[in-house]
Structure formats: structure tokens, C-alpha cells
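Here is the structure we will look at, set down as C-alpha cells.
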Amino acid sequence: MQRAVQRDDRAHPRAGRLSRALVCAAAVPAVLITAGCSSDSGDSANKDTPAARQSAGSGTAGTSSPDTTPTVAPAAYQKLPDPCDALGKKTLDDLVPKTKSGKKGKSDDTTARSSCSWTSLDDNGVKGSQFRWLSVSLLRFDSDGARGSGNDQAHSYYTRQLTDAEHVSGAKSTKSQPLTGTGDEATAVRYDLKKKEGAFKQQTVVARVQNVVVTLDYNGAGLAGEKTPDADDLTKDAEKAVKEVIASVSAANGRGQTAGSGEGGSAAPSRKPSGKASEPASGKASKSASPSASASAKDDKKD
């Protein structure tokens, strides 16, 4: 009986140890689960803090959309020459003999647009008179991000001027001839125009050099019995004169002569582009060959 009690006593400690082992074993998963939950909840809490939110947002907040504003090459020429000084005295004596001075056109910005015209009436008495009229118009375009480069704008205007010159109302026998060695592009247009004073031979040369368009109008007529001037001679004179004007444009910008510079010629781009493009004064070429010969004669007398 006593031995049985002892066995029971010996068994009881073993049972106690077993119970404690089972409790510990059961407690281990609970600890792990608790630790895991604590770890997740801690991360969530850390992510929800202002510092965490700021850190997470810093990756996208610093990203900005690319600048889509187009860039254009700066305009080559920033100013124009005095239009009445664009041709030398010898040239004027040849084209408009006995003229006194040029008549400058009105402009609100002479660095962007300007013009000058000359009238000549060589009176030969009873033999009649030789009439000549010469006009030089200059238009400069600045580069602009929205409108494009000065060269591209000038090319578009050159095309419009040429179209207008080729479609003058009342013109007869219109002919166009592209020119070489005259700026970046140039075309001579000639036609006959009948007016009350007589038959006029009209020459219009439209030329572009970089961002400047030159329009030169030159016509002649034999009045009161004088013979009509030769159109070929007038055209050669006009072509020579427009090259001289182009050289004056280049010289006004300190570039030297660029009568045949081409797009990549000696006229280097300006380092300081202008903010906007210059607008044409009228947007159209001359629609008539010249002022009437009688009106021009009156102007000469006034001078």
C-alpha cells in the first residue's frame, strides 16, 4: 500500500512536468502569432505616420511633366537698313535718272518693316518723256515659339508676295523666273500693264535672305510719244538692284555681303532671339505697277 502511494507520488511530479510542457508548447504558437500580429500592426502604424506618408509621396511629388514648349532657332537679322539708303547713288542714277530723293514709307517699327520709293520723269520735250518708278520694301520676322522660326515665317510671306505679284489685276503676258545667287530664294515676275498714261513694263523681284523678305518693284513707260522701254533691260536692272538691297540688309547687321549666302551662309544666327514675330505692314504685294505718271510728276515738282 505504501509502495503504491510512492508510485503515485513519483508519477505525480512527472504528470506535473508533462502538464507544464504541454502548456509551454501551446504557448509557443500563441507567442509567435502575437509577435507576428505585433509586427504587422507596427508596420501599418509606421506607414500611416505623417513622416511615412511624406516619404512615400516624395517619389511622385518630385516628378514634373516635361516642358513641351517648342524651341526655334533665333532670327539671323535683328534690324533693317534705312530703305532709302539701301541702294547706292550710281544704281539710282541708272534706274531712276534725275530723281532727287527717295520717299520713305510710314512704319511704326523701322526695325521690322520699312520702304522707300523713287520717281523719275525724264522729259525730252516734244519727243516725249521716259517715266520710271522704283520701290523697295523690307519686312523682317523674329523667331517665336508659337509661330515658328523667323526663316520659316519669312518663307511663308515670300510665297504669298510672289503669288500676289503673279496675279495682278489687268496684267498681261506675266512671266516668272527663279533667280540664283540672290539671297536664299528669289523670283522675278514681269508683266505688261496698260494705264491711261501709256503702256507700262512692270518688274517685281521678291527675294528672301534668312528672316528678311525684300520686294522690289520697278517699272517704266514711254510717255507722249517716247518708245516703251525694253522689258529685258528693266528686268536686269531690277535683279541687280535687289542684290544690292540684300547686301545692305546684311551689312546693317554686321554680316558682310550675303547675296548668295544660302541657309547656312555667312549670316550667323543672332545669339539673342526676340520674343515675337514681326507682322507685315500690309501683307500683300503692290497691286498696281506704280502711281500714275502724272501724279508722280507733280510730286517731283513739289520736291
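General observations
- Electrostatic tally near Glu226: other residues with Cβ closer than 13 Å to its Cβ, Lys and Arg +1, Asp and Glu -1, net 0.
- For segment 189-238, the spread of Cα positions along each principal axis, largest first, Å: 44, 20, 13
- Amide proton proximity set for Asp144, modelled H, under 5 Å, gap of 5+: Ser149, Gly150
- Stretching the chain fully between Ala73 and Lys127 yields a gain of 13.8 nm (0.36 nm per residue, less the alpha carbon separation).
- Pairs beyond 24 Å (Cα-Cα), from Lys106/Lys172; Lys195/Lys227; Lys98/Lys175; Lys104/Lys196; Lys196/Lys236: Lys106/Lys172; Lys98/Lys175; Lys104/Lys196; Lys196/Lys236
- Overall, the ratio between the Cα radius of gyration of segment 84-186 and 2.2 N^0.38 Å, rounded to two decimals, is 1.35.
Bear in mind these aren't lab numbers, they're just calculated from the coordinates by the rules spelled out. All figures in this text were calculated on a predicted structure; none of them were measured in a lab. Cβ atoms come from the backbone with ideal geometry, glycine included; neighbour counts cover every protein chain shown.
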